[in-house]
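Reviewing the structure listed below.
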Amino acid sequence: MPATDESLPGRELLLGRQALLRLADSIHECDRGQQSMEGAAGRIVNLFYDNLVVKGSGQRAMALVRLFKTHPYGELEPALKAHVQQQLADRNPPASMPCLTLLATAGQEPRWNSRHTSVLHKAIPLASPELVARAPMIARLFAQLGMEADEVLKPDPSVVLQLEEKIYNVFHVETARGSPHVPDQEDFVIRYRIASVVGFGGMLPLGSIFAVILFSLVPVRRETAQLFVPLSVSVKIPLLTFAGGKTFE
């Protein structure tokens with residue numbers, strides 16, 4: 001359901017030091033009782049969706065929260081491979097080609113609560129810098145996080161450990177409406193009154209990238225967006241439990 005007018009004017013995201021610490025502590029436990037990275041990711045996105053609220057009202061501040069991870073094309077499920085092939089002229093891409101794959105999603109529309117019902121973003125092929133550039137939000141996400149193209153497309157095994165320990169920046173679009181970096185303006189940004197977008201992430205072992213993207217109903221200022229940077233480490237901890245193991249349910 002699209003947001004109402006009352007959810008926006010004069011409001012902002014409530015995010016203080018104590019709220020951040022509580023959220024970080026909860027995220028650290030998201031691997032408990034889970035059998036896959038997808039299970040842990042589901043708990044993570046729901047924590048953000050349920051606990052980020054509007055200052056002064058306590059209403060949910062997020063319309064949609066998603067967690068992505070790069071995954072080799074050859075290790076995708078058959079349905080995801082077919083989805084990737086539809087986006088490429090090459091119907092037989094290399095098995096090693098990274099795909100930015102939706103692991104978990106939580107939002108105000110029922111179809112936004114399962115990766116299987118995502119229409120456009122189940123898996124996004126990252127075949128080349130040119131192809132990435134044609135996806136404006138993904139290109140901007142990597143650029144603002146401070147990730148070089150080679151780090152994403154062809155991570156060098158000799159420096160992966162250094163990149164794992166790197167603290168990345170934050171992706172931030174303070175005004176989503178009219179931004180060239182946020183697609184689906186008419187059917188998503190305007191319809192659901194998306195005010196700002198924030199993303200953060202990092203690198204897992206073997207060079208895969210993870211990213212959390214938040215679509216906010218209230219404006220998120222730059223200084224507030226920067227508070228999400230340390231949460232990338234919190235998100236990484238439960239995902240590490242399944243690195244090299246079971247990714248999907």
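The values are calculated or read from the model by the stated rules, or taken from the named source; none is laboratory data. Quantities reported herein were computed from a predicted structural model and do not represent experimental measurements. When we count neighbours, we look across all protein chains shown, and the Cβ atoms used for this are built from the backbone with ideal geometry, even at glycine.
Of note:
- Candidates are the residues of the range 165-187 that are of a type outside the set (S, T, N, Q) and buried (at least 18 other Cβ atoms within 10 Å of the Cβ); the one that is farthest from residue 61 (Cα to Cα) is 168.
- The residues listed here are 235, 220; of these, the one that is part of a helix (DSSP H, G or I), crowded, with 23+ Cβ neighbours inside 10 Å and of a type in the set (Val, Ile, Thr) is 235.
- Set side by side, the residues 111, 115 differ, and just one is within 19 Å of the chain's Cα centre (by Cα), of a type in the set (D, E, K, R), within 23 Å of residue 47 (Cα to Cα) and buried (at least 18 other Cβ atoms within 10 Å of the Cβ), which is 115.
- Within the range 32-67, restricting attention to residues that are modelled with pLDDT under 95 and in a strand (DSSP E or B), the residue that is nearest to residue 103 (Cα to Cα) is 60.
- Meets criteria (in a strand (DSSP E or B), touching a residue at least 40 places away in the same chain (Cβ under 8 Å) and either surrounded by 21 or more Cβ atoms within 10 Å (Cβ to Cβ) or of a type outside the set (Phe, Trp, Tyr) (or both)) for residue 100: yes
- Subset of the range 37-94 [within 29 Å of residue 221 (Cβ to Cβ) and of a type in the set (Phe, Trp, Tyr)]: 48, 49, 68
- Test: residue in the range 184-194 that is at pLDDT 95 or above and touching a strand residue (DSSP E or B) at 6+ places or on another chain (Cβ under 6 Å): yes
- Among the candidates 242, 228, the residue that is of a type in the set (Phe, Trp, Tyr) and under 19 Å from residue 142 (Cα atoms) is uniquely 228.
- For beta carbons closer than 8 Å, sequence separation of 6+ or different chains, a first residue in the range 201-217 that is under 29 Å from residue 191 (Cβ atoms) and a second that is modelled with pLDDT under 90 and surrounded by 23 or more Cβ atoms within 10 Å (Cβ to Cβ), the qualifying pairs are 216/13.
- Pair list, Cβ under 7 Å, 6 or more apart: the range 24-36 residue closer than 23 Å to residue 227 by Cβ, other residue outside any loop (DSSP other than H, G, I, E, B) and of a type in the set (Ser, Thr, Tyr): 24/234; 27/234; 28/234
- When each of 197, 160 is tested for being farther than 19 Å from residue 45 by Cβ and hydrophobic (A, V, I, L, M, F, W, C), the lone residue that passes is 160.
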